[in-house]
2 protein chains.
Amino acid sequence: MSKGVNLKELSKKLNLSQTTVSRALNGYPEVSADTRKRVAEMAEALGYAPNSQARRLATGRSMAIGHVIPRSIHEMMNPIFLEFIAGAGETYSKHGYDMIISVVEDDHEEDAYRQIASRKKADGVIVHGPASDEHRHELLKELNLPFVVHGRIPGAEEETSWIDMNNRRAFERATNLLLDLGHTRIALLNGLEQMDFAKRRRRGFESALEARGHVADPDLMRSSDMTEPFGCENAMEMLKSDNPPTAFLVSSMITAIGVARAVGQCGLQTGKDVSIITHDDALSFLPNSGEIPIFTCTRSSVRFAGQKAAELLLNMIANPGGKPTSLHLDAELIVGQSTGPAPSR
Amino acid sequence: MSKGVNLKELSKKLNLSQTTVSRALNGYPEVSADTRKRVAEMAEALGYAPNSQARRLATGRSMAIGHVIPRSIHEMMNPIFLEFIAGAGETYSKHGYDMIISVVEDDHEEDAYRQIASRKKADGVIVHGPASDEHRHELLKELNLPFVVHGRIPGAEEETSWIDMNNRRAFERATNLLLDLGHTRIALLNGLEQMDFAKRRRRGFESALEARGHVADPDLMRSSDMTEPFGCENAMEMLKSDNPPTAFLVSSMITAIGVARAVGQCGLQTGKDVSIITHDDALSFLPNSGEIPIFTCTRSSVRFAGQKAAELLLNMIANPGGKPTSLHLDAELIVGQSTGPAPSR
DNA sequence: CCGGACATCCAAACCGCTTTGGATTTCGAT
DNA sequence: ATCGAAATCCAAAGCGGTTTGGATGTCCGG
């Protein structure tokens, strides 16, 4: 209601020292119950809230987590990224942390991290979209900035904290389902393969094929930003080829929608003439649920991952010096309307 | 490189007072060029960067902009929201501002704003997704917190700063195009009509129809979260009805994709049997560009809107006491593959 | 040679909170 | 009555910057 009351004024009003008022408000034991109550009431009445900058300066903790997002990431991973952020944000606000997001030019990412560290802008950061050739973790270690990776950094799994889904296994299972349905010509529309997750998915796909004595056909494997047109154009091209695939394994719902469009445009029917399995990040604006979801999918909620990543990070910050901890989520394989037995020809 | 140098240490190293060092670094005139250079070099060498909390406390400006996003918004507007954020973020970092995002439970939104104000967490905020029945601006005025609205608050256009596209006019023009093509049964798949933008779009649609002597058929108007299934299910239902529409006017690409799916499933062809015009927010992961875009659309880049909104707000903060200023963006009407003359029957 | 205008630089106050290191009081136990 | 522990509370010292109000030195015209 009222405004601008600070600790000094509040304590004067109460005829108490700032020390006592501060302690009363922050739950320290050396304050009598009476006093505490009196303080709380007056604070409430005067609408007192501690200035966060001052508190941060005094405590040395910024009570904020940073997310550095270079343009390239958010163009690629746009919706997935936000969903993750939203999840993380829920955890932060539950724990009184702020989330600060830096959108930076691609070649300023390192700068951004350095600034966060040197200016003490955040107590920790989340590393998004680790590449196969990843180096941010080294920088962050040097900067002494706690971090959690969304995904895994190849070769640094033991020494970093991360949260990831089991990409390889999910795609292995999906591929097996298609094989079980009789499909042998299976296309893979994957995310950019400089990203770690995409590489893992491909490995899952290939190893499932190989285990059954098949070999992945390079002509049927494409890798790109996961847009809708990427799905449509490539599916179209493959479907019109001499030896078209009967099934598609796709890395994102959006791309899968593109594939479905291509299937339609070719006069074919999804789930009958052509099967599609997609990974489903459970994005809220692209629901794929219901009794029989539209798309057969491997599903793993990226929002949930965000929540957990934040928890991991806050834990690290609260208990410094601990061992890195990680979380391995398993994707569900859910059968929907987009798969069926391979057409006999 | 090195770490933890603060102003005191830096100035000691230089045999200068903190005052002088601070002034040299911040470009004040009362420092000789020599000294300034010496200071700059030493600061560089020692890797000095001012602690942002301390600076904030001293200057009284938090150098941050807040975005409060209740769950309901980010479930609805997910991808659009992020694109806007990304645009705003670019502007912020260009000006040395931080972006802080609070994800809050729906009924804690007011609290979030109060906290930002009382704890001085941000120097201003962006108001997202104004409803027809909007009150946040009143709260923010009471809190004396500068803000810019993305969209418009009905009845408060004059007294608030906002950035918006011309929703009514865009949908009017789109409707006219359809009418020109001979369509008379046109369906409207709109966003939630408690949102201001959706209401405006509907008005544009209706007034274009009326101007040509038609009346909007309530059976052909639906309003909901702009998901893909919303488009598919409703289009399906309408197309199977006795008196199906020959064209759809849709509020979002994602929903339009759903409509296209329904069209395909009905064995019809988009752009021939059924025309679709959608609004296109120019989301990066849903490109609808190229020589002949897939969808005929009204296009307005929401990322650009984000950039501009941020500029508006930073201006307000830099020049307090100014009159509210606003920006009215015009959407382009772009003809793509999804429209054609109404089928003669 | 003097006084004032500039150009430089500095000591200290301040921003608003937390926290250290007592001071004072209370009270049961000896 | 005496003592030490426990319970309360406080003055003051930070945290790391910015900014105010001089102090000092230099240069120039008169």
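For A:R56, neighbours were defined as the other residues whose beta-carbon sits under 9 Å from its Cβ, and their charges (Lys and Arg +1, Asp and Glu -1) total +4. A dipole drawn for chain B from +1 and -1 charges on Cβ atoms has a positive end, and of B:Q53, B:S22, B:A282 the residue lying farthest that way is B:S22. Note on chain A: lysine pairs with Cα distance below 26 Å, sequence gap of 8 or more or different chains, count 24.
The tail of the calculated P(r) for the range A:1-111, taken as Cα-Cα distances beyond 24 Å, holds 47 percent of the pairs. Residues A:M253, A:M221, ranked from the fewest to the most other C-beta atoms within 10 Å, line up as A:M221, A:M253.
When you filter the GluC sites (Glu not before Pro) in the range B:12-82 for DSSP loop state and at most 13 other Cβ atoms inside 10 Å of their Cβ, you are left with B:E30. Can you give the log10 of the normalised intensity I(q)/I(0) at q = 0.10, 0.11 Å⁻¹, computed with Debye over equal Cα scatterers of the protein assembly as shown? These q points yield log10 I(q)/I(0) values of -1.02, -1.18. Per-residue ellipticity at 222 nm computed for the protein assembly as shown from its helices equals -13500 deg cm²/dmol, with DSSP H segments shorter than 4 residues left out and the rest contributing -39,500 (n - 2.57).
Taking a ≥ b ≥ c as the square roots of the eigenvalues of the Cα gyration tensor of the range A:123-218, is the shape rounded (a/c under 1.5), prolate (a/b larger than b/c) or oblate? Since a/c reaches 1.5 and a/b is larger than b/c, the shape of the range A:123-218 is classed as prolate. Measuring nothing but alpha carbons in the range A:95-165 and taking Rh as the Kirkwood radius, the Rg to Rh ratio lands at 0.94.
Under the simplified labelling scheme, the A:D217-B:K94 pair shows an inter-label distance of 4.9 nm, with each label point 7 Å from Cα along Cα→Cβ. Dipole size of the range A:180-286 about its Cα centre, with +1 on Lys/Arg Cβ and -1 on Asp/Glu Cβ: approximately 160 debye, rounded to the nearest 20.
Take the Cβ-Cβ distance between A:N26 and B:A33 as r, set R0 to 60 Å, and report the resulting FRET efficiency rounded to the nearest 0.05. It comes out at approximately 0.80. With Cα atoms as the point set, the radius of gyration and Dmax of the range A:283-345 evaluate to 18.0, 62 Å. Taking chain A as a Gaussian network of alpha-carbon nodes connected by springs under 10 Å, the highest mean-square fluctuation of the residues A:A122, A:A282, A:A318 belongs to A:A318. Under a GNM of chain A (C-alpha, springs under 10 Å), which listed residue has the highest mean-square fluctuation: A:L220, A:L14, A:L145? Comparing A:L220, A:L14, A:L145 in a Gaussian network model of chain A, the most mobile one is A:L14.
Where does helix B:302-318 land angle-wise versus the long Cα axis of chain B, in degrees 0 to 90, nearest 10? It is inclined by approximately 40 degrees. Computed from Cα atoms, the angle from the helix A:228-239 axis to the main principal axis of chain A rounds to 20 degrees. Close amide H contacts of B:L327 (hydrogens built in the peptide plane, cut-off under 5 Å, sequence separation of 5 or more or a different chain): B:W162, B:I163, B:D164.
When every Cα-Cα distance of chain B is counted in 10 angstrom steps from zero, the calculated P(r) takes the values 5, 22, 25, 18, 13, 8, 5, 2, 0, 0 percent. Taking 19 Å as the cut-off, the amide N atoms of the range B:292-309 that come nearer than this to a point 7 Å along the Cα-to-beta-carbon line of B:C266 belong to B:295-296.
Think of each Lys and Arg Cβ as +1 and each Asp and Glu Cβ as -1; about the Cα centre, that makes the dipole of the range B:184-233 roughly 260 debye. Taking Cα centre as origin and charging only the Cβ of basic (Lys, Arg, +1) and acidic (Asp, Glu, -1) residues, the dipole magnitude of chain A rounds to 1440 debye.
Return the long-range amide H neighbours of A:M221 (sequence gap of 5 or more, or a different chain), with a cut-off of under 5 Å between placed amide H atoms. Amide H neighbours of A:M221, under 5 Å, 5+ apart: A:L188. The range B:255-277 and the range B:23-79 have Cα centres lying 51 Å from one another. May I ask you to derive the relative contact order of chain B, considering only C-alpha pairs under 8 Å and at least 6 residues apart, and to give it as an integer percent? Here the relative contact order equals 17 percent. Along its three principal directions, the equivalent ellipsoid of the range B:167-300 from the Cα gyration tensor extends over semi-axes of 19, 18, 15 Å, largest first. Simple spin-label estimate for A:N243 and B:T59 gives 6.5 nm between the two label positions (7 Å along the Cα-to-Cβ direction from each Cα). Separation of the range A:158-207 and the range B:112-161, taken as the distance between their Cα centroids, equals 45 angstrom. Residue exposure proxy: B:F84, A:F81, A:F248, ordered by other Cβ atoms within 10 angstrom of their Cβ from fewest to most, comes out as A:F81, B:F84, A:F248. Scanning residues 5 or more positions from A:S338 or on other chains, those with amide H under 5 Å from its amide H are A:T296, with H placed 1.01 Å from N in the peptide plane. Using the charge dipole of the protein assembly as shown (Lys, Arg: +1 at Cβ; Asp, Glu: -1 at Cβ; taken about the Cα centre), state which of B:A43, B:S344, B:A170 has its Cα farthest towards the positive end. The one lying farthest along the dipole's positive direction is B:A43. Distances between copies at B:N315, taken between label points 7 Å from Cα along the C-beta direction, are 4.8 nm in increasing order. A cut-off under 10 angstrom between Cβ atoms defines the neighbours of B:I317, and their net charge, with Lys, Arg +1 and Asp, Glu -1, is 0. Remark: label point of B:S32 defined 7 Å out from Cα along the Cα-Cβ vector; separations to the same position in other copies 6.3 nm, ascending. Within the listed set B:N288, B:N15, B:N51, the Gaussian network model of chain B (springs between alpha-carbon atoms below 10 Å) gives the highest mean-square fluctuation for B:N15.
Is the range A:173-244 rounded, prolate or oblate when judged by the Cα gyration tensor, a ≥ b ≥ c being the square roots of its eigenvalues, rounded requiring a/c under 1.5 and prolate requiring a/b larger than b/c? Verdict is oblate for the range A:173-244. In chain B, the longest principal axis of the Cα atoms and the axis of helix B:196-211 are about 30 degrees apart. Residue order for B:R212, B:R185, fewest other beta carbons within 10 angstrom first, comes to B:R212, B:R185.
In order along the range A:188-195, the Karplus-derived 3J(HN,Hα) couplings, from 6.51 cos²θ - 1.76 cosθ + 1.60 at θ = phi - 60°, round to 10, 9, 10, x, 4, 7, 7, 8 Hz, and Gly and Pro are given as x.
Computed from the coordinates by the stated procedures, all read-outs in this text should not be read as laboratory data. What you are looking at is a predicted structure, and each value in this text was computed from that prediction instead of being measured. Note that we place each Cβ from the backbone using ideal geometry, even for glycine, and neighbour counts take in every protein chain shown.
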